[in-house]
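Here's the structure, in structure tokens; my notes come after.
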Protein chains: 2
Amino acid sequence: MAAASSATALLRGPATAPLRAHPSRLPLRSHRVRFAPVRAEAAAVSMPPSTQTASPTVVDTSVNAIRFLAIDAVEKANSGHPGLPMGCAPLGHILFDEVMSYNPKNPYWFNRDRFVLSAGHGCALHYALLHLAGYDSVKEEDLKAFRQWGSRTPGHPENFETPGIEVTTGPLGQGIANAVGLALAEKHLAARFNKPGNEIIDHYTYAIVGDGCQMEGISNEACSLAGHWGLGKLIAFYDDNHISIDGNTEIAFTEDVVARFEALGWHTIWVKNGNTGYDEIRAAIEEAKSVKDKPTLIKVTTTIGYGSPNKANSYSVHGSALGAKEVNATRQNLGWPHEPFHVPEEVKKHWSQHVPVGAALEAEWNAKFAEYEKKYKEDAAELKSIISGELPIGWEKALPTYTPESPADATRNLSQQCLNAAAKTLPGLLGGSADLASSNMTLLKSFGDFQKDTPEERNVRFGVREHGMGAICNGIALHSPGLIPYCATFFVFTDYMRGAMRLSALSEAGVIYVMTHDSIGLGEDGPTHQPIEHLVSFRAMPNILMLRPADGTETAGAYKVAVENRKRPSVLALSRQKLPQLPGTSIEGVEKGGYIISDNSTGNKPDLILMATGSELEIAAKAADELRKEGKAVRVVSFVSWELFEEQSEDYKETVLPGDVSARISIEAGSTLGWERFVGNKGKSIGIDRFGASAPAGKIYKEFGLTVENVIASAKSL
Amino acid sequence: MAAASSATALLRGPATAPLRAHPSRLPLRSHRVRFAPVRAEAAAVSMPPSTQTASPTVVDTSVNAIRFLAIDAVEKANSGHPGLPMGCAPLGHILFDEVMSYNPKNPYWFNRDRFVLSAGHGCALHYALLHLAGYDSVKEEDLKAFRQWGSRTPGHPENFETPGIEVTTGPLGQGIANAVGLALAEKHLAARFNKPGNEIIDHYTYAIVGDGCQMEGISNEACSLAGHWGLGKLIAFYDDNHISIDGNTEIAFTEDVVARFEALGWHTIWVKNGNTGYDEIRAAIEEAKSVKDKPTLIKVTTTIGYGSPNKANSYSVHGSALGAKEVNATRQNLGWPHEPFHVPEEVKKHWSQHVPVGAALEAEWNAKFAEYEKKYKEDAAELKSIISGELPIGWEKALPTYTPESPADATRNLSQQCLNAAAKTLPGLLGGSADLASSNMTLLKSFGDFQKDTPEERNVRFGVREHGMGAICNGIALHSPGLIPYCATFFVFTDYMRGAMRLSALSEAGVIYVMTHDSIGLGEDGPTHQPIEHLVSFRAMPNILMLRPADGTETAGAYKVAVENRKRPSVLALSRQKLPQLPGTSIEGVEKGGYIISDNSTGNKPDLILMATGSELEIAAKAADELRKEGKAVRVVSFVSWELFEEQSEDYKETVLPGDVSARISIEAGSTLGWERFVGNKGKSIGIDRFGASAPAGKIYKEFGLTVENVIASAKSL
């Protein structure tokens, strides 16, 4: 791959296919969504016709169609949550039929409005709306396969299964925090790229938030930031239905939500009749749009299970099928004579406008973009890279290089060098820390702070809000394939954000988690701050890369891997303490996950294999030196990422860990659990299977036996 | 052990030693703190003299003494956080010298006021106060050993290291949530046990909360509940100093905290001059005490690093030693001519009152209790059990029993039977779910809801607030050794509360985590709700028991273990789906962690060992039946708790897993990582190393190969 002088201007590979491919289930390492080209003919398309509002009768019928599509899907599956869709159908209708800009035939059209169902259990609502709007991902047969093996309509919204779904929700509170990330991305990109008279980035982010989301701490964290940042194009609907699984919310949730949001700096509106007050909903949305400097919370009071004569307004309609009898009673009650899954012609006809309207919206935007590109070539190229996710050719050559003679340094500092180097070549790299920027070493020196009035900048100040931070980063990552969010805290505090990190992994959001102070090596702060079980806990999590580099070269390698894995998040465990630059480490080695850094054996038959990660690789290397002096043939293996090693061929693995060699020792300042996989039955793991302690780091290492002497003694005992 | 007809009335073992032993570092399974006897002579002690308020000059000197003890400790360690202690010294002085009831010579005196430093990094403040007050745990030499190996003054407050510290803080937001739990416990016990004219339980809970705590979602969760419950004796001081690690809080935290707390149902007060406004602070505390039906937030505006001429009001004083030069400048500035660690005589003399006052307070209370015991024998016995942590003799006989003929049932339902049985015999058992009571099956049928006006009840409704729930339970557990809190959600949502769970483990809070829907077996809700990596992630966490019972007998065994491990929390992973009662399971087996449930081999030499946990034990048992029909000698091992198995003797382990037998297969619906420990290099693990899927449970099991057929095929391949 050739180096590029202006790396951001050159995109890898041809950019010819439209941005329509279902991106899910592609192989993990060749996943890039390609850029939607600006077609020449698009410029000729006239302004799209405005969306036609339906007549009041058709609105009523459409709202009931939404309700019954949801009811029927849940009923057929005999599993699911009909209550929210029945209550929120009017809001859903207005949003998808009257308010939102989208193109059903290209769910990935860049400038679409984003919609997040934070109360993800109500996904039958979203599926019904996508179906009516003409998305290919939710045909009638998909609604009929709700919650079934292999369907595109799983039990909670999953962006990687269903085009049209922006983010993966279900775990409560995540969606609203993702929405904050989506709105942040819009505000940031708009500030960076829009020009007077050519506002190429201009969309809203809408979210429906339930009582459950409101109780979760993550939503308070994210919404506090949304208020702080003044995300005026974020509009959240609070589905105030007074019912959660355990019954009336009065039993556990009596705070004044609207007053809380005002305290968080939001504009607030209350729609008192969310069941039939269509004009009230419309007026609230208009008002929300008119408030430009604050996000808006619209509290919409609804009746859960609206229309069900015996189950509405009760927890029994929250999470179970209504049952045939109550479905019939609801059909009677709402005057719905149709067969299951039937959509009346007038509703179909009305909604059919969204395919041409959506195509026109995109064509209009494409024309606008073509004009933009003519005037602002460099900006357009950068934006294209962000839209497509194509990494600039040779970007990785910008990463710093190290030799064994480079000064010893903490990997958190080396990480900062990598981040700053990468930020110069990757237009979509932005992020920050949960109030530990000066400890995590995550500030981008060429940029200022992303703030309400400086949203074009790239240093995000998350405050002490780890969970919100992770979920906001998921929203940023899923806004555009080329946005590469990173976020940072102490490694142990992944415990606070694990819910969001798991969703990074599941929803294929390539967030980079910069986790410093990665062991007892942080010293005096003590056991509350010292991770022990965290490495193995992420090694066990699917579709996430756990990387623990040992020096500068490996840190650069870890960044190369992390940046290139756009559909798999990475966790970088980095040291607080200084580490030497080790001979034998390499970026190529890191890409293989486990590799030999030194060896004095011949014929792939060492007497002993020492394996280690991160800060303990130095100990392994020193112990090997000593043992070699005594005539032993010792191999040292860096195990920077178990997941990457597991993906290598059996042949490669055998060259690193020959089956015949059973004398193996692992050294890692963390739980020994799992090391048996590589150390085998006859090997030994030196690690920490207790909590840490408050003392200077060197002292703890010594007391815990993480020393060259102990490795040598263990080697001799094998 | 004999059964007892009135189990709660009989306490195990002699109850003679005073409650003064340092409970830390005792062996894990014989940890009980013994009950402080009511000494006959106590009744004769007259009312304790009121605490004398110091003269204004002595107050000033005392406040500076607190500041410099903290400064000197941090300076000597060259590590720590001097800023908060310097800013909060006035508040600390008033609380510990004028407001709080405690007995320095018995930090475990039951009716003491509880104090929590939620901003735990400022622990030098707390150590300085404990030192002045006369606690034996913090002598001058302890202050000098701040943050050193083996000291009683670690880098963050640790209840298990330092008598006088109530809970372990440092991870932000945990402490205020613990304080909510402590205040809940007080309100609950007071409502249950107090009698007109004999208010045997009557104490306040105070907390100091920093900006960081306020940003964390967990604090909003817990404080929303505190408002809902009307915890009038909870008084939280918000140290409003405008500085966090990344600088001025303006960069990430501009919400109106006081308005938010009002929205949460709190009474609020603002002390504008927390630096020198002693009377303002005093008046605010008086006002807070007068508000009985709401918790109070007192925002105290302070200057971080008050007194330091060059570093006050900056982040540089937050988390680093001042340095010799600035220490000298601060000495000059505050007029403090003394040597490091010096406490002036007038301050010593004044504070010396707390030893006799504390002794008198406890004696008075003991007298009150003696009177109470005379009048209310049964209540007193129950309360004694809660205070001491002595379990009623034979309590475990109340647990339900099952036979292979008992009907198949989900372990979540069997768990409910155990919980309800245990609640009848364990006076300190209380808890609830994060809005999933009807799914987690955690309601205690003999009790109502703990609510603002019914605090004597034992079903706690946490709402959808997992992290707050866990931390509140830590507070309950650490309030009294005999309080046994349980809490519940879906197993996957431990991701939301892991920060609190790790602190249960570290701080030896014996919380019981009732985690249902423990695998893909939950079916249609899909991968966001299906745990995969969670079992191994808890197996790797120190001092926590991960238990996955397979049927009714094992569920009862899991409860026996969980209840008896009062210094080690337990996580019970329970099925949503029905499971048969298996022949061969036993409570004794569960206590060993891994044991043989069936075997047709002789001489400890089976052809094959099948091992499984929870819902997959049935699969292993059925596969064994089939293989035995083909003449194989097959052993089936239930591996309900790895941690308990690891604690058994090598001899016992050999009887279960003979070293000579390498044909071993594990079956578990979760990550295979770690099973190598028991399966060995030549064995095979059947599990799930990807995310789950949305479909009926049976379908997913089949698609993922968790079937009898697959086990048999694997067995034949070995």
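For the reader, a short list of remarks on this structure follows.
- Ascending list, in nanometres, of distances separating the B:LYS375 label from those of the other copies (7 Å, Cα toward Cβ): 8.5
- Geometric extent, Cα atoms of region A:452-511 - Rg, Dmax (angstrom): 11.6, 34
- With the convex hull drawn around the C-alpha atoms of region B:358-408, the volume per residue stands at 109 Å³.
- Translational diffusion of region A:146-228 was estimated from the Stokes-Einstein equation, with Rh taken as the Kirkwood radius over Cα pairs; at 25 °C and 0.890 mPa s the coefficient is 170 µm²/s.
- Candidates per GluC sites (Glu not before Pro) in region A:173-246, loop by DSSP, up to 13 other Cβ within 10 Å: A:GLU199
- Kirkwood radius and radius of gyration were both taken over the C-alpha atoms of region A:382-424, and their ratio Rg/Rh is 1.11.
- Calculated log₁₀ intensity ratio I(q)/I(0) where the Debye formula runs over C-alpha points of region A:536-610, q = 0.19 Å⁻¹: -0.87
- Burial of accessible area (probe 1.4 Å, heavy atoms of protein chains only) in region A:694-712, relative to its chain alone, reaches at least 40 Å² for A:SER694.
- Rotation relating B and A, chain A residue nearest the axis via C-beta, angstrom: A:GLY217, 1
- In summary, the convex hull built on the alpha carbon positions of the protein assembly as shown has an orientation-averaged projected area of 52.1 nm².
- For chain A, calculated [θ]222 nm from helices alone, where every DSSP H run of n ≥ 4 adds -39500 (n - 2.57): -11500 deg cm²/dmol
- Three-way shape call for region B:226-361 based on the alpha-carbon gyration tensor, with the a/c threshold at 1.5: oblate
- Cα long-axis angle, helix B:552-564 against chain B (0 to 90 degrees, to the nearest 10): 20 degrees
- Amide H to amide H, with H built 1.01 Å from N, B:ASN681 comes under 5 Å of A:ASN681, counting only residues 5 or more places away or on other chains.
- DSSP bridge pairs, region B:444-599: antiparallel proportion in percent, nearest 5: 5 percent
- Of the solvent-accessible surface of the protein assembly as shown, computed with a 1.4 Å probe over protein heavy atoms with every protein chain present, carbon and sulfur atoms account for 50 percent.
- Ascending list, in nanometres, of distances separating the A:GLU250 label from those of the other copies (7 Å, Cα toward Cβ): 4.6
- Measure of compaction for region A:148-193 (Cα Rg per 2.2 N^0.38 Å): 1.43
- Derived value for region A:607-669: Kirkwood hydrodynamic radius 12.2 Å. Basis is the mean of 1/r over every pair of different alpha-carbon atoms.
- For A:THR168, the residues 5 or more places off, or on other chains, whose built amide H falls under 5 Å of its own are A:ASN159.
- What separates the Cα centres of region A:121-155 and region B:338-378 is a distance of 67 Å.
- Contour excess over end-to-end distance, with Cα ends at B:GLU345 and B:ALA713 and 0.36 nm allotted per residue: 124.4 nm
- Cβ-based charge dipole, the protein assembly as shown, positive-most Cα from A:GLY181, B:ILE512, B:PRO455: B:ILE512
- Positions from region A:495-538 whose accessible area shrinks by 40 Å² or more when the full protein complex is built, not the chain alone, probe 1.4 Å: A:ASP495, A:TYR496, A:ARG498, A:ARG502, A:LEU506, A:GLU524, A:ASP525, A:PRO527, A:THR528, A:GLU533
- Working note: Debye formula, equal point scatterers on the alpha-carbon atoms of region A:507-577, no solvent; log10 I(q)/I(0) at q = 0.13, 0.14, 0.17, 0.21 Å⁻¹ is -0.38, -0.44, -0.63, -0.89.
- Other-chain or far-sequence residues with amide H under 5 Å of A:ILE597's (modelled H): A:VAL636, A:VAL637, A:SER638
- Compared with the rule-of-thumb size 2.2 N^0.38 Å for a compact globular protein, region B:111-251 has a Cα radius of gyration ratio of 1.13.
- DSSP bridge orientation in region B:199-347 - percent antiparallel, rounded to nearest 5: 10 percent
- Remark: the protein assembly as shown carries 31 Å² of accessible area per residue (probe radius 1.4 Å; ligands, DNA and RNA excluded).
- Comparing the full protein assembly with the isolated chain (1.4 Å probe, heavy atoms, ligands and nucleic acids excluded), the residues of region A:439-471 losing at least 50 square angstrom of accessible area are A:ARG461, A:VAL464, A:ARG465.
- Across every direction, the projection of the convex hull enclosing the Cα atoms of region A:413-529 has a mean area of 7.2 nm².
- Cα convex hull of region B:566-675 - mean projected area over all directions, nm²: 7.8 nm²
- Computed over chain B, the P(r) curve from all C-alpha pair distances, binned at 10 Å from the origin, holds 3, 15, 23, 23, 17, 11, 6, 2, 0, 0 percent per bin.
- Across region B:272-337, the convex hull enclosing all Cα atoms gives 107 Å³ per residue.
- Buried area at the B-A interface (accessible, heavy atoms, 1.4 Å probe, summed, Å²): 8000 Å²
- Compactness of region B:431-482, expressed as Rg and Dmax over alpha-carbon positions, Å: 11.1, 29
- Using a 7 Å projection from Cα along Cα-to-Cβ, the label point at B:PRO404 is separated from the same position in the remaining copies by 6.5 nm, smallest value first.
- Percent breakdown of C-alpha pair distances by 10 Å bin, ordered from the shortest bin, for region B:43-127: 16, 41, 32, 10, 2
- Working note: Debye formula, equal point scatterers on the alpha-carbon atoms of region B:347-455, no solvent; log10 I(q)/I(0) at q = 0.11, 0.12, 0.14, 0.24 Å⁻¹ is -0.59, -0.66, -0.79, -1.31.
- Rg over Rh [alpha-carbon atoms, Kirkwood Rh] for region A:103-168: 0.92
- Considering only chain B, percent of DSSP beta bridges that pair antiparallel, nearest 5: 15 percent
- In whole percents, the pair-distance distribution calculated for region A:649-718 from its alpha-carbon pairs, binned every 5 Å from zero, is 3, 15, 22, 21, 17, 10, 6, 3, 1.
The values are calculated or read from the model by the stated rules, or taken from the named source; none is laboratory data. What you see is a predicted model; the values in this text were computed from it and never measured. Quick reminder, even Gly has a Cβ in these numbers, built from the backbone with ideal geometry, and neighbours come from all protein chains shown. Surface accessibility is based on the protein's heavy atoms, side chains included, excluding ligands, DNA and RNA. Shrake-Rupley method; radii C 1.70, N 1.55, O 1.52, S 1.80 Å.
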